[in-house]
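The values are calculated or read from the model by the stated rules, or taken from the named source; none is laboratory data. Predicted model only: the values in this text are computed from it and were never measured. Quick reminder, even Gly has a Cβ in these numbers, built from the backbone with ideal geometry, and neighbours come from all protein chains shown. The area values use the complete protein model at the heavy-atom level, side chains included, leaving out ligands, DNA and RNA. Shrake-Rupley method; radii C 1.70, N 1.55, O 1.52, S 1.80 Å.
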Amino acid sequence: MAAGRRPVKDYGPIQILDRLRLSTWQIDRAMAAGLLDRPDPVTGRWPADVVDAALDRREEIVAAVGSVPDVGANRAADILAERFGIEVPAAVLLELDRRGLVPRVGDYKGYPLYCGRALEAFADREALEAALRDGELHTADQAAEYLSIRRSDFDHLTRSGWLEEVDRVHSGWQRRREAPAVPLYRTGDLDVLLAHPAIDWAEVRATPRGRPSPLARLGTRAAAVNRQESGR
């Protein structure tokens, strides 16, 4: 200690970052995990002995809290693209969350945040490739093309609950402040429909333009499930 310098009694929110060489989000995670005491509720500062003890256990704290903060879909996709050396669209985070691999943990300014610890630990290329395939998103027109059916046929699937949207985006003519108006559908759900025994896709595709869709006879998805269960 330099001559005449008084010993540090406590640390404020900025000082503790410098002392422990951690980021704010790492401090927050350490407190949530019980690895670091919370600051004094009155002063908002940490006693020096608490900070010094944490410094002695810094490696343990870093190992527990990780080195990747909770991030938005774009940043998460960039991290995965760099790790695996392939192009990763931000939309795949919806699918990774759906599968419980990189869960959504909150929001920031209306945009989802994804778990940094799960993102840091994720190393399964096969799982990522499956998510990229099944989680690819389509507009209604694109989904109808994927199924090789008319758009009017496709509309029966959505109206009756056989297919549900998983996300929405803004159209080209919408203002950013407006709610997204364009529904999106995932490839995995389309593939499930293609394999469903209740739908005769050959008949649907053979129906001429202007003729009623065979899909109108399906009824609702809920009714079909009830019929299936009652027949067991």
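Distances longer than 17 Å among the Cα atoms of segment 58-108: what percent of all pairs is that?
In whole percent, the share of Cα-Cα pairs in segment 58-108 beyond 17 Å is 42.
I'd like to check one number: the per residue accessible area of segment 1-149, probe 1.4 Å, reported in Å² as a whole number. Please report the intermediate quantities before stating the final value.
Working: 8950 Å² over 149 residues.
Heavy-atom SASA per residue in segment 1-149 reads 60 Å².
Along the charge dipole of the chain, pointing to its positive end and built from +1/-1 on Cβ of Lys, Arg, Asp and Glu, which listed residue (PRO103, LEU35, ALA64) has its Cα farthest out? Result: PRO103.
Using only Cα coordinates, the Kirkwood hydrodynamic radius of the chain works out to 22.0 Å. Packing, as the average of other Cβ atoms within 10 Å across residues, places the peptides 202-211, 50-59 in the order 50-59, 202-211, highest first. For the chain, a simple Cβ point-charge model (Lys and Arg +1, Asp and Glu -1, everything else neutral) yields a dipole of about 640 debye relative to the Cα centre. Distances between placed amide hydrogens fall under 5 Å for LEU36 paired with MET31, all partners being 5 or more residues away or on another chain. Helical runs assigned H by DSSP (4 residues or longer) give the chain a calculated mean residue ellipticity at 222 nm of -12500 deg cm²/dmol, each run adding -39500 (n - 2.57) before division by the residue total. Between the helical axis of 125-134 and the longest alpha-carbon principal axis of the chain there is an angle of about 40 degrees.
Can you give me the C-alpha center-to-center distance between segment 135-197 and segment 46-73, rounded to a whole angstrom? One Cα centre to the other: 44 Å. Dipole check for segment 1-75: with +1 at the C-beta of Lys and Arg, -1 at the C-beta of Asp and Glu, and the Cα centre as origin, the magnitude is about 240 Debye.
Between amide H atoms placed 1.01 Å from N, distances below 5 Å from ASP167 occur with LEU184, all of them 5 or more places distant or on a separate chain.
Could you estimate the translational diffusion coefficient of segment 22-118 from the Stokes-Einstein equation, with Rh from the Kirkwood formula over C-alpha pairs, at 10 °C and 1.306 mPa s, in whole µm²/s? The partial results should precede the final answer.
Numbers: Rh = 15.1 Å.
In µm²/s, the coefficient is 105.
Using bins of 10 Å that start at zero, the share of Cα-Cα pairs per bin across segment 125-204 amounts to 17, 45, 28, 9, 1, in whole %. Derived scalar couplings between HN and Hα for segment 184-192 equal 10, 10, 8, 4, x, 5, 5, 5, 4 Hz in order, rounded to whole Hz, by the Karplus curve 6.51 cos²θ - 1.76 cosθ + 1.60 (θ = phi - 60°), x for Gly and Pro. Among the GluC sites (Glu not before Pro) found in segment 81-122, those both in a DSSP coil and sparsely packed, with 16 or fewer other Cβ atoms within 10 Å of their Cβ, are GLU87. Normalising the Debye intensity of segment 61-166 to I(0), with uniform scatterers on Cα atoms only, and taking log10 at q = 0.15, 0.17, 0.21 Å⁻¹ returns -0.70, -0.83, -1.06. Modelled spin labels at GLU87 and ARG58, positioned 7 Å past Cα toward Cβ, are 4.2 nm from each other.
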